[in-house]
Amino acid sequence: QVQLVESGGGLVQAGDSLTLSCAASGRIYSSHFMGWFRQALGKEREFVAGIRWGVGNTYYRDSVKGRFTISRDTAKNMGALQMNSLKPEYAAVYYCARNRGGYSTMYKAYDDWGQGTQVTVSS
């Protein structure tokens with residue numbers, strides 16, 4: 001099992017940038033996948049971005065392409081999600097998660113989750 005802790009959320013204005021971090025304790029293998037999800041109040045948890053831990057292949061939901069950048073530092077066992085040009089509709093609790101099975105946009109496929117970090121975007 002891997003423990004994940006997100007940080008970096010907060011209150012920002014529309015158009016601002018924010019970078020979320022995900023610190024992992026425990027071994028993440030190169031075949032594993034780290035995903036970022038978000039869940040707004042009253043809505044389902046949705047895939048935002050993901051990265052294959054070893055080779056670094058990245059995946060994004062269409063609405064954040066060009067705005068968000070996912071990365072990882074395998075030496076530090078940390079992931080990050082840089083978010084630019086934030087919109088009010090991006091406000092949600094953001095979670096990082098690990099999937100031992102590889103790439104998936106389905107939250108049920110993920111094995112370990114952080115506690116989440118709140119992102120609020122004012123208009």
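The values are calculated or read from the model by the stated rules, or taken from the named source; none is laboratory data. Just so it is clear, the model here is predicted, and its values are computed rather than measured. Cβ: placed from backbone, ideal geometry, glycine included. Neighbour counts: every protein chain shown. Areas reflect the complete protein model, heavy atoms only, side chains present, ligands, DNA and RNA absent. Shrake-Rupley method; radii C 1.70, N 1.55, O 1.52, S 1.80 Å.
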* **Every residue from the range 37-76 that is under 14 Å from residue 96 (Cβ atoms), aliphatic (A, V, I, L, M) and in a loop (DSSP other than H, G, I, E, B)** => none
* Asked: Going through the range 90-107 one residue at a time, which ones are more than 14 Å from residue 37 (Cα to Cα) and modelled with pLDDT of 95 or more?
  -> 100
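Based on what the data block shows, is residue 60 open to solvent by less than 60 Å² (accessible area, probe 1.4 Å), among the hydroxyl-bearing types (Ser, Thr, Tyr) and in contact (Cβ under 8 Å) with a residue 24 or more places away in the chain?
Taking the combined requirement at face value, the residue does not satisfy it.
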* Structure fact -> Selection from the range 81-98 of residues outside any loop (DSSP other than H, G, I, E, B) and surrounded by 21 or more Cβ atoms within 10 Å (Cβ to Cβ) yields 81, 83, 90, 92, 94, 95, 96, 97, 98
* Report whether or not residue 71 is touching a helix residue (DSSP H, G or I) at 6+ places or on another chain (Cβ under 9 Å) and open to solvent by less than 60 Å² (accessible area, probe 1.4 Å). => no
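Filtering the range 14-26 down to residues that are of a type outside the set (A, V, I, L, M) and over 10 Å from residue 83 (Cβ atoms), which residue is least open to solvent (accessible area, probe 1.4 Å)?
This residue is 22.
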* Are there any pairs with C-beta distances below 9 angstrom linking a residue in the range 96-123 that is within 15 Å of residue 18 (Cβ to Cβ) to a residue that is surrounded by 12 or more Cβ atoms within 10 Å (Cβ to Cβ) and at pLDDT below 95, with the two at least 6 apart or on different chains, and if so which? -> none
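Looking at residue 30, is it without any contact (Cβ under 8 Å) to a residue 60 or more places away in the chain, of a type in the set (Ser, Thr, Tyr) and either surrounded by 20 or more Cβ atoms within 10 Å (Cβ to Cβ) or assigned to a strand (DSSP E or B) (or both)?
Against the criterion (without any contact (Cβ under 8 Å) to a residue 60 or more places away in the chain, of a type in the set (Ser, Thr, Tyr) and either surrounded by 20 or more Cβ atoms within 10 Å (Cβ to Cβ) or assigned to a strand (DSSP E or B) (or both)), residue 30 does not qualify.
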* Is the range 8-26 home to any residue that is assigned to a loop (DSSP other than H, G, I, E, B), within 13 Å of residue 77 (Cβ to Cβ) and out of contact with any Leu (no Cβ under 8 Å at 6 or more places or on another chain)? -> yes
* Asked: Based on what the data block shows, is residue 11 modelled with pLDDT of 95 or more, open to solvent by 60 Å² or more (accessible area, probe 1.4 Å) and touching a Ser or Thr at 6+ places or on another chain (Cβ under 7 Å)?
  -> yes
* **Unmet criterion (only one of (1) open to solvent by less than 60 Å² (accessible area, probe 1.4 Å); (2) over 12 Å from the mean Cα position of the chain (by Cα); (3) not charged (D, E, K, R)) for residue 117** => (2)
